[in-house]
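The values are calculated or read from the model by the stated rules, or taken from the named source; none is laboratory data. Quantities reported herein were computed from a predicted structural model and do not represent experimental measurements. Reconstructed Cβ throughout: ideal geometry from the backbone, glycine too, with neighbour counts over all protein chains shown. The area values use the complete protein model at the heavy-atom level, side chains included, leaving out ligands, DNA and RNA. Shrake-Rupley method; radii C 1.70, N 1.55, O 1.52, S 1.80 Å.
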Amino acid sequence: MPPPSIPDPLIARLSSASSVVAFTGAGVSAESGVPTFRSPDGLWNNFRVEELATPQAFEANPRRVWEWYHHRRTLMGETQPNPGHYALAEWGEHVRKFSLITQNVDGLHHRAGSQGIHELHGNILRSKCHTCGKPAGEIGPDKEGKLPYCPCGGPIRPDVVWFGETLPAKVWERAWNDARSADVFLSVGTSSVVYPAAGLIEVAKLAGATLVEVNPEETEQSDLFDFVLRGPSGIVLPEISRILGWATRGDKARPAPR
Ligand code: OAD
C-alpha cells in the first residue's frame, strides 16, 4: 500500500516543534501480529472483558485469568516491533522533547528502542502483588500451573490495568503534563474510546497543540484533529521519518521477519 501523502504544513510543524507527543494504541502493533481489541476479529469480540480483565474476575477465578495472560504473553513473545515502532524510536532521537505515551501492554515500543515510555495500562510481561502492589518481576504460574504468591500472602497478577482500576498515578501525571505542553500531538492506532487515556487528546487540543490522527479508520474523535492520515502506522510513520530525514534506522525500519 503506498503511503498517504503527508501535507507540507504538517512536515513544517513537526520539524519546528520543540515538543512532540505520540499517543499509541493497539493499532500500532497490529502489523506485528498483535490483535487489536475492537476490530471485528479483535480480542473484545472473542472474549468477555468481565471474565478476564477486571479485579473481580481475578479474585473469582485467578487460574482462568492467568491462563489468558499466559497465552497472550506467549503470543507477544513471538512478535517483533514493526516499522511504525522503529519510526517512533527514531523520533525520540530527533525531537528536542519527545514523549511516547502508550496504552499498549506488549512492550514492543521498548523493544524497538524507545526510551522513557509512559505505559498507561501497564506491561503484560511484568507481574505484581494484587494485595500490596509490590513488583514481582516476570513471574507467572509454574510449569505445573501452580499460582504464584507474594511474601505478604497476596496473589501475584499481571501488572496491567484492568477495567474499573485507576491508572498508575505517576505515569498518568507525567503523560498529562506532556500532553498539555505538546506542540504536536499524534494519536496513532487507537479507537480513542477508553478513558481516561483517550482524554489526553482533548487535553492537548485545549492546550493548543496541533493534533494528528494516524489510523486507517475514522474514530469517534476524528473531528478534533487538524491532520488525519488514513493509513497503517507501519507505513505512515516511516514515511514521515523519511521526509524529515529522521530515518536513521533504515535497516531496522523494514518489516521484521515473522
Ligand atoms: P482498539 O482495538 O480499540 O483500537 C485499535 C485502533 O487501531 C482502531 O481504531 C483501528 O482502526 C486502528 N488500527 C488497526 N490497524 C492499524 C494499523 N495498522 N495502523 C494504525 N491503526 C490501526 O485498541 P485501543 O484503542 O488501543 O485497555 O484500545 C484502548 C484500550 O482498550 C486498550 O489499552 C485496552 C482495551 O480494553 C485495557 O486493557 C485497560
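Annotations
- Where Ala209 falls short, out of the listed (1) closer than 19 Å to Trp44 by Cα; (2) among the hydrophobic types (A, V, I, L, M, F, W, C); (3) surrounded by 19 or more Cβ atoms within 10 Å (Cβ to Cβ): (1)
- Screening Thr166 with (1) open to solvent by 30 Å² or more (accessible area, probe 1.4 Å); (2) away from the ligand (no atom under 16 Å from the Cβ); (3) part of a loop (DSSP other than H, G, I, E, B) gives one miss only, at (2).
- When residues of the range 23-60 are limited to those that are among the hydroxyl-bearing types (Ser, Thr, Tyr) and within 8 Å of the ligand (Cβ to nearest atom), the one nearest to Asn177 (Cα to Cα): Thr24
- Tally, over the range 106-140, of residues that are open to solvent by less than 50 Å² (accessible area, probe 1.4 Å), over 18 Å from the mean Cα position of the chain (by Cα) and among the aliphatic types (A, V, I, L, M): 1
- Subset of the range 174-198 [part of a helix (DSSP H, G or I) and either of a type in the set (Lys, Arg) or more than 18 Å from Ala209 (Cα to Cα) (or both)]: Arg174, Arg180
- The residue that is most open to solvent (accessible area, probe 1.4 Å), among those in the range 83-105 that are outside any helix (DSSP H, G or I), of a type outside the set (Gly, Ala, Ser) and more than 11 Å from the ligand (Cβ to nearest atom), is Arg96.
- Criterion (more than 10 Å from the ligand (Cβ to nearest atom) and either at pLDDT 95 or above or within 18 Å of Leu10 (Cβ to Cβ) (or both)) met by exactly one of Ala179, Ala198: Ala179
- Pairs linking a residue in the range 215-231 that is among the aromatic types (Phe, Trp, Tyr) to a residue that is assigned to a helix (DSSP H, G or I), with Cβ atoms under 6 Å and 6 or more positions apart or on different chains, are Phe227/Leu10.
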